[in-house]
Amino acid sequence: MSIYEEVMDDLEAGELSVEFEGEEPQALLEWALGRFAPRIAISTAFQIDGSVLIDMAYGIDPNVKAFTVDTGRLPEETFELIEQVRDRYPELELEILSPDAQHVSRMVGKHGPNLFHRQVEHRLLCCQVRKVLPLTRHLASLDAWITGLRRDQWASRTDIRKIEIDHDHGAIVKLNPLAEWTEDEVWEYARANDVPTHPLYERGYTSIGCAPCTRAIAPGEASRAGRWWWEENAPKECGIHCAIETGGLEHELHALIGEHDER
């Protein structure tokens, strides 16, 4: 049994998730930080949910840890927000992760910088190399991670629990304090507490990722419709929160990075 499996099992996670259902996000954050610190961190892409979680957690423990992945294709506005967050929360331990430069170089050399427009598997490959792999490496150093997932975000997220065992990342504990909240509740908290928010929201964006893969949405569109909008019948996921495996993708990934580098 690995050290990650000893942290918590599925039975305990299920019982605790039921116990925290109906509780405010701060209650789960306070419990989680008390149980897992210092091997716990908030994952954020500096969308509204991650920003709200940082504000909540900072009020509980100013030395809380957070991390984000600089994919190399983020909009400049994201970096502007990062600087605002650093100023607002000076004791926050924010770590900025980067993809392996050789992996990116091999991928771009073989498929070009905008490979994601050609086919879904190439987009998934880009997400894996630039985002999923650096995150996976970082999660190996933690016992638990905190995400901004909500049940109302997308169809693949409707059944998430507040406490889960993340078997895709070494069986560490995955905490989703905002699972029950709606988008309106998140924004209400942000405005009431003057939380720094991403400038692109004011331009019609509702889900923000890499610059080439994100656009503003039209009235009536789903909140994640602006992600990879050129794709049809494809998951609006990058692989971080929803394991995406296809034969072609896995073969290509292994060929680019090598079996020994997979983790």
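Please find, among LEU53, LEU97, LEU81, LEU74, the residue that is farther than 26 Å from TRP187 by Cβ and surrounded by 14 or more Cβ atoms within 10 Å (Cβ to Cβ). Quick ask: steps written out before the conclusion?
On the way: LEU53 fails: farther than 26 Å from TRP187 by Cβ; LEU81 fails: farther than 26 Å from TRP187 by Cβ; LEU74 fails: farther than 26 Å from TRP187 by Cβ.
Result of the check over LEU53, LEU97, LEU81, LEU74: LEU97.
Output the residues belonging to the range 207-263 that are assigned to a loop (DSSP other than H, G, I, E, B), of a type in the set (Ser, Thr, Tyr) and modelled with pLDDT of 80 or more.
From the range 207-263, those assigned to a loop (DSSP other than H, G, I, E, B) are 207-210, 215-226, 228-246, 258, 262-263; that's our starting set.
Those still in the list that are of a type in the set (Ser, Thr, Tyr) too: 207, 223, 246.
Correct list: SER207, SER223.
Does the range 148-171 contain at least one residue that is in contact with a Phe, Trp or Tyr (Cβ under 6 Å, 6 or more places away or on another chain), closer than 24 Å to GLN47 by Cβ, buried (at least 20 other Cβ atoms within 10 Å of the Cβ) and not basic (Lys, Arg)?
No, the range 148-171 contains no residue that is in contact with a Phe, Trp or Tyr (Cβ under 6 Å, 6 or more places away or on another chain), closer than 24 Å to GLN47 by Cβ, buried (at least 20 other Cβ atoms within 10 Å of the Cβ) and not basic (Lys, Arg).
Give the number of residues within the range 26-65 that are in a strand (DSSP E or B) and either under 23 Å from SER223 (Cβ atoms) or more than 16 Å from the chain's Cα centre (by Cα) (or both). Walk me through it before giving the result.
So the first thing to find is which residues in the range 26-65 are in a strand (DSSP E or B), and the list is 40-43, 65.
If we keep only those that are either under 23 Å from SER223 (Cβ atoms) or more than 16 Å from the chain's Cα centre (by Cα) (or both) as well, we get 42-43.
Looking only at that region, the number is 2.
Mind counting the residues in the range 124-173 that are more than 27 Å from ASP100 (Cα to Cα), assigned to a loop (DSSP other than H, G, I, E, B) and touching a Ser or Thr at 6+ places or on another chain (Cβ under 7 Å)?
Summing the residues that are more than 27 Å from ASP100 (Cα to Cα), assigned to a loop (DSSP other than H, G, I, E, B) and touching a Ser or Thr at 6+ places or on another chain (Cβ under 7 Å) in the range 124-173 gives 5.
Could you list, in sequence order, all residues of the range 66-105 that are of a type in the set (A, V, I, L, M), free of Cβ contacts under 8 Å to residues at least 40 places away in the same chain and in a loop (DSSP other than H, G, I, E, B)? Show your work before the answer.
Here is the first cut: in the range 66-105, the residues of a type in the set (A, V, I, L, M) are 66, 69, 74, 81-82, 85, 92, 94, 96-97, 101, 104.
Next, from what is left, pick out any that are free of Cβ contacts under 8 Å to residues at least 40 places away in the same chain: 66, 82, 92, 94, 96, 101, 104.
Once the filter is applied, which keeps residues that are of a type in the set (A, V, I, L, M), free of Cβ contacts under 8 Å to residues at least 40 places away in the same chain and in a loop (DSSP other than H, G, I, E, B), the range 66-105 yields only LEU92.
Evaluate the range 9-18: report whether one residue or more is touching a residue at least 24 places away in the same chain (Cβ under 8 Å), at positive phi, not in a helix (DSSP H, G or I) and not basic (Lys, Arg). Break it down into steps so the answer makes sense when it comes.
From the range 9-18, those touching a residue at least 24 places away in the same chain (Cβ under 8 Å) are 9-10, 13-14, 16-17; that's our starting set.
Then keep just the ones that are at positive phi; that gives none.
The answer is no, given that none of the residues of the range 9-18 is touching a residue at least 24 places away in the same chain (Cβ under 8 Å), at positive phi, not in a helix (DSSP H, G or I) and not basic (Lys, Arg).
I'd like to verify a number: residues in the range 27-57 that are polar (S, T, N, Q) and touching a Phe, Trp or Tyr at 6+ places or on another chain (Cβ under 7 Å), how many? Spell out the reasoning first.
First, pick out the residues of the range 27-57 that are polar (S, T, N, Q): 43-44, 47, 51.
From the residues that got through so far, the ones that are touching a Phe, Trp or Tyr at 6+ places or on another chain (Cβ under 7 Å) too are 43.
Count: 1.
Restricting to the range 34-50, name every residue that is surrounded by 20 or more Cβ atoms within 10 Å (Cβ to Cβ) and not acidic (Asp, Glu). If you could, list the steps in order and put the result at the bottom.
Applying the first criterion (surrounded by 20 or more Cβ atoms within 10 Å (Cβ to Cβ)) to the range 34-50 yields 36, 40-50.
Scanning the range 34-50 gives PHE36, ILE40, ALA41, ILE42, SER43, THR44, ALA45, PHE46, GLN47, ILE48, GLY50.
Pairs only if they're at least six apart or on different chains, beta carbon under 9 angstrom, first in the range 44-60 and closer than 16 Å to ASN176 by Cβ and of a type in the set (Asp, Glu), second in a helix (DSSP H, G or I) and at pLDDT below 95; list them, first residue then second.
As it stands, the answer is ASP49/GLU183, since those pairs meet every condition given.
The values are calculated or read from the model by the stated rules, or taken from the named source; none is laboratory data. If you're wondering where the values come from, they're calculated on a predicted model, not measured in any experiment. Here Cβ is always computed from backbone atoms with ideal geometry, including for glycine, and neighbour counts include all displayed protein chains.
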